[in-house]
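None of the figures in this text is laboratory data; all of them are computed from the coordinates on show. Worth saying up front: this structure is predicted, and the values here are computed from it rather than measured. Cβ coordinates were reconstructed from backbone atoms using ideal geometry, including for glycine residues, and neighbour counts include every protein chain displayed.
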Amino acid sequence: MNNGTSEYRYMLEMFIGDECLICGSKEKLYFHEIHDVRHPTTFKYYIAHLKDFIPLCSRHHQKMHSILYRLEHYPESTKSLRIISLIAEAISVKSCD
């Protein structure tokens, strides 16, 4: 966040979550926008859109973007099945070691 003081970060962790939604890690957290759209990285934007963010550790945040990128290349008719398999794959990589 461009105005990301530790006070703002602490407040966002209170509202969005302070551990990775997948593995529970509290290290190197990102707030991932669930609609996967570019957005301002201001505290004001995050607060106005709290329901649109989930906390992910750096590994699972990267994995999420990898999944979303791969989905762009699938036809709509097979996308639902591919989403299920990619989510299962992401969840199976729970350890952040």
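Overview of results
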item	result
Contour minus Cα-Cα distance for residue 38 and residue 14 (0.36 nm per residue)	6.4 nm
HN-Hα J in Hz across the range 40-45 - Karplus 6.51, -1.76, 1.60, θ = phi - 60°, x for Gly and Pro	x, 9, 9, 4, 4, 5
Taking 23, 57 and counting other C-beta atoms within 10 Å, the order from fewest to most	23, 57
Amide proton proximity set for residue 53, modelled H, under 5 Å, gap of 5+	34
Under the Karplus curve 6.51 cos²θ - 1.76 cosθ + 1.60, θ = phi - 60°, whole-Hz ³J(HN,Hα) for the range 22-35, x wherever Gly or Pro sits	8, 10, x, 5, 10, 8, 6, 7, 10, 9, 8, 7, 5, 8
